[in-house]
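Okay, structure first, notes after.
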Amino acid sequence: MNVKFVGLCIGSSSISFYDGRTGENIPHNGNPIEVLSKLVPEFLKEGLVVVTGRKARKLLNLPQISEVEATEIAYFKVKDRYDGIEAIVSAGGENFVLYKLNDKGRIIGIFTGNKCASGTGEFFLQQIDRMGLDLSRINEIETDEYYELSSRCSVFCKSDCTHALNKGVPKEFVLNGLGRVMAEKIAELVHKARVRKIMIVGGTTRNKLMLRHLSALVDFVIPEEALFFEAFGAYHWAKECKPSRNGELIFNKMESSFPKLEKLSKYAHMVDFKDMDFQKAKEGDVCILGVDVGSTTTKAVLMRVEDEAILASSYLRTKGDPVGAARKCYKE
C-alpha cells in the first residue's frame, strides 16, 4: 500500500498544503480551525500529514517540523533550477523573514523585519478592505504614480492612506504606494543581510504592485512553489522520514493565557440603556445636518433646531471614498 503524504503550513493569514501533485494556498480569515477542520480529516483518510508554521504546535497534534527546516528542505528540492541564490525571503501576512544561505544552500542566518505591521501582506489586505476594493482587481492597476507613505509605523501608514483618500488622491496611487512600502521592507532585509540575489516565497508574491517596485531594488526569482513553499518542504520531510501519528487526537484543546471574566450579561441589570426617539419632520422645520467622516465609517444626523429632536440618521462604511460616503448619507 502506498502511503500518501501531505505537507501543511499554518500561516498568520492563510493555510497552504502540498500532496505531491498539487499545492494550494487558502485564506483562513483569522479562523484557521475552521479551514483545518475541513482539510485535515480528509488528508488523514489517505495518508500522513506533517505540519509546519508557528501556529501549528498549539493547534494540531500531528508530526511537525519548524518553518526553518521546512524552508531549507524545500530549497534543496528546487535550487538546481536557479543560480546564485544567496537568501530566501518568506514574505507573508504577518512578517517578512530572510533566511541567509551559504554556498551549499544551508540556512546560516535569519533576519526579520520590525514588528510593525506596515508593509506586510495582511496590512495591505486591510487597506484594500477599507477602500471597498476586490483583491482580484488589484493586479489590474497599471500606473507609475504612487503616493508616498510612512513605512515606520502601521498607525502612521494608515493615517497617511486616510489623509490621501480624504484629499482625493486616486486609490490606485495609494495602493501603489503601499506596494512600494512592501518592496522597501524586503530591500531593507536584503541590505541588512548583505546579500544580492534572493528567492521570494509567500502569499505576497501574487502582489504585482510590490513586485514592480521590488524589481528596481533587488535581483530576485519566484519559484513555482512560492505560495506553498513551507508546505512543500514539510511534504518532502514526511516522505523521507515517514513519522508516526501522535495518538488519535487531531486538534489540541485551546486554552487562553488570559484570565477569564464573567459574562457581561450577568450585570445587565446594572446598566441603564437609553433610547432616543426619532421624530417626523414637519413643513417649515429649520434643521441642522451634522456629518462625521471617519477613516472607516461615515455618520450623519439631521436635527431640528426648535426642540433638538433627531429626524434622521445614517451610518455607512467610508470605503476610502469620503466624498462618496457623505453623498450617500445625504441621500438617505
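Please treat every number below as a calculation from the coordinates, not as lab data. Remember, predicted model here, so these are calculated numbers, not experimental data. Methodologically, a virtual Cβ is constructed for each residue, glycine included, from the backbone with ideal geometry; neighbour enumeration extends over all protein chains shown.
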Notebook entry, point to check: Build a GNM of the chain with springs between Cα atoms under 10 Å: which of I250, I200, I186 gets the top mean-square fluctuation?
Noted result: I250
Item checked: Whichever aspartates and glutamates have a C-alpha closer than 19 Å to that of K45, once near sequence neighbours (fewer than 8 apart) are set aside -> D19, E24, E34, E248
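Suppose only helical runs count, i.e. DSSP H with n ≥ 4. What mean residue ellipticity at 222 nm does that imply for the chain under -39500 (n - 2.57) per run, divided by all residues and rounded to the nearest 500 deg cm²/dmol? Before the final figure, lay out the partial values.
Details: 9 runs with 107 residues, N = 332.
It lands at -10000 deg cm²/dmol.
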Item checked: Whether region 287-331 is rounded, prolate or oblate, judged on the alpha carbon gyration tensor where a/c under 1.5 counts as rounded -> prolate
Notebook entry, point to check: Using the Kirkwood formula over every pair of different C-alpha atoms, what hydrodynamic radius in Å results for region 182-323?
Noted result: 23.1 Å
Item checked: Highest-MSF residue in the chain out of S66, S12, S314 [GNM, Cα springs under 10 Å] -> S314
Notebook entry, point to check: Given the C-alpha centroids of region 35-76 and region 177-253, what is the distance between them in whole angstrom?
Noted result: 16 Å
Margin query: Let's see if you can work this out: charge +1 on each Lys and Arg Cβ, -1 on each Asp and Glu Cβ, no other charges. What is the dipole magnitude of the chain about its Cα centre, in debye to the nearest 20?
Written below: 820 debye
Next item on the list: Mind pulling the angle between the C-alpha long axis of helix 171-193 and the longest principal axis of the chain? Nearest 10 degrees, somewhere in 0 to 90.
Entry: 40 degrees
Checklist line | Directionally averaged projected area (convex hull, Cα atoms, the chain), nm² | finding: 23.5 nm²
Notebook entry, point to check: With springs only between Cα atoms under 10 Å, which of D275, D285, D321 fluctuates most in a Gaussian network model of the chain?
Noted result: D275
Notebook entry, point to check: So what's the Cα pair-distance distribution over region 74-214, bin width 10 Å, in %?
Noted result: 12, 42, 30, 14, 3, 0
Checklist line | Selection from G284, V51, V174, by position along the positive dipole direction of the chain (Cβ) | finding: V51
Note to self: Only bridges whose two residues both fall in the chain count here: according to DSSP, what percent of them are antiparallel, nearest 5?
What the structure shows: 70 percent
Next item on the list: Measure nothing but the geometry: give the 0 to 90° angle between the long axis through the Cα atoms of 229-241 and the longest principal axis through the Cα atoms of the chain, rounded to 10°.
Entry: 30 degrees
Item checked: region 293-317 residues near the modelled D275 label - backbone nitrogen below 19 Å, point 7 Å along Cα→Cβ -> 309-314
Margin query: On the Cα set of region 5-62, report Rg and Dmax in Å, please.
Written below: 10.3, 28
Next item on the list: Rank these for me by crowding, L178, L39, L165, going from fewest to most other beta carbons within 10 Å.
Entry: L39, L165, L178
